[in-house]
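Just below is one structure, and these are the notes that go with it.
Computed from the coordinates by the stated procedures, all read-outs in this text should not be read as laboratory data. This is a predicted model, so every value here is computed, not measured. Cβ: placed from backbone, ideal geometry, glycine included. Neighbour counts: every protein chain shown.
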Amino acid sequence: MDKSDKIFVAGHRGMVGSAVMRRLKAEAFSNVATRGRAQLDLTNESAVAKFFKEERPHIVIVAAAKVGGIKANNDYPVEFLVENLRIQNNVIRSAYENGVRKLLFLGSSCIYPKFAPQPILESTLLSGPLEPTNEAYAIAKIAGIKLCQAFSREYGTNFISAMPTSLYGPNDNFDLETSHVLAALLRKAREAKKRNDQKLVVWGTGKPRREFLHVDDLASACLLLLEKYDSPEIINVGCGEDISIVELAELICEIVGFDGQLAWDTTKPDGTPRKLLDVSKIRALGWRPAIRLRDGIKGTYDWFVANFAQ
Ligand code: GFB
């Protein structure tokens, strides 16, 4: 990539897109194209086609998606399926039609089978049934991967797909109904502390295990993949270590300074029992995450307090 390449970051205001923007700026990429939702609706096929024809970016990063935690995914499968299919179909096809030199599509660790052997190898894609709570989102993401691979095979494009593990960081969603676990627990712990509550309610049994990656580490991986990875085969992006939801909740309470009890709401789903990615492939390219979980959570909590909390 040249520093003057025109790079379109789809979804530049989201948690992932904004981290990619910070990284591009830090690395002195000077020609970054963005559009807010009011200016360009990525679910609108003709608007996306017009944008690409006019802007003609060289590089595209598809960080735009409808995302959410276990409850939002479970409650709104139609929206997760339709919106994500629309966004990715429009962006990926327009990228091909306008000669984009390289495109990076971002998927998710939920594309893998619910009971995939751990750590999860890229080759386990489509080897078993998906986790029902996020099947719609996973199917949309799998369709995006397959579309990139189909363009590469049929038309020789360089469209690659990366599968990040569970992400967190600045600009995360802190809405308790739609957020992922880490952001939700930061908010719940802060509010419980402020109210002097005796207990903090956590969903599920606490037994599931998740692997958390700071979004700034994902952004560094994205740039490395754009520079060094030219295969249509998917590649995992994770830190290689997971923790249980109990351990996460305890760590968050410690960071936030809430010293009450944890209470478990087992009417809420656990989801996939474990999601730990095998990261040998990206490690072989020389990439490693830089942010330790405790430091990343502390930084995210500070961001939440400064930008969002009452
Ligand atoms: O992060 P999360 O919503 O999604 O939940 P998934 C992870 C685990 O944390 C589940 C538990 O076992 C939840 O039951 N949990 C405990 C909580 N307390 C809370 C809480 O207050 N809020 C939330 N949200 N969870 C998502 C998928 O699955 O993973 C998406 O739905 C996406 O499609 C994302 O792939 C990475 O990790 O289970």
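Values computed for the structure shown
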{"item": "Only listed residue being away from the ligand (no atom under 12 Å from the Cβ) and either over 23 Å from residue 219 (Cα atoms) or not basic (Lys, Arg) (or both), chosen from 133, 157", "result": "157"}
{"item": "Every residue from segment 27-72 that is in a strand (DSSP E or B) and either within 16 Å of the ligand (Cβ to nearest atom) or of a type in the set (Phe, Trp, Tyr) (or both)", "result": "62"}
{"item": "Segment 164-219, residues that are among the acidic types (Asp, Glu), within 11 Å of the ligand (Cβ to nearest atom) and under 24 Å from residue 282 (Cβ atoms)", "result": "172, 211"}
{"item": "Condition check for residue 104: part of a strand (DSSP E or B) and away from the ligand (no atom under 15 Å from the Cβ)", "result": "yes"}
{"item": "Search result, residues across segment 38-54 that are surrounded by 14 or more Cβ atoms within 10 Å (Cβ to Cβ) and either touching a residue at least 12 places away in the same chain (Cβ under 8 Å) or of a type in the set (A, V, I, L, M) (or both)", "result": "40, 42, 43, 44, 45, 47, 48, 49, 51, 52"}
{"item": "Residue 90 vs. criteria touching a helix residue (DSSP H, G or I) at 6+ places or on another chain (Cβ under 7 Å) and either within 15 Å of the ligand (Cβ to nearest atom) or outside any helix (DSSP H, G or I) (or both)", "result": "no"}
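Yes or no, residue by residue, for (1) surrounded by fewer than 21 Cβ atoms within 10 Å (Cβ to Cβ); (2) free of Cβ contacts under 8 Å to residues at least 12 places away in the same chain; (3) in a helix (DSSP H, G or I); (4) not acidic (Asp, Glu):
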residue	(1), (2), (3), (4)
218	no, no, yes, yes
221	no, no, yes, yes
254	yes, yes, yes, no
262	yes, no, no, yes
286	yes, no, no, yes
295	yes, yes, yes, no
299	yes, no, yes, yes
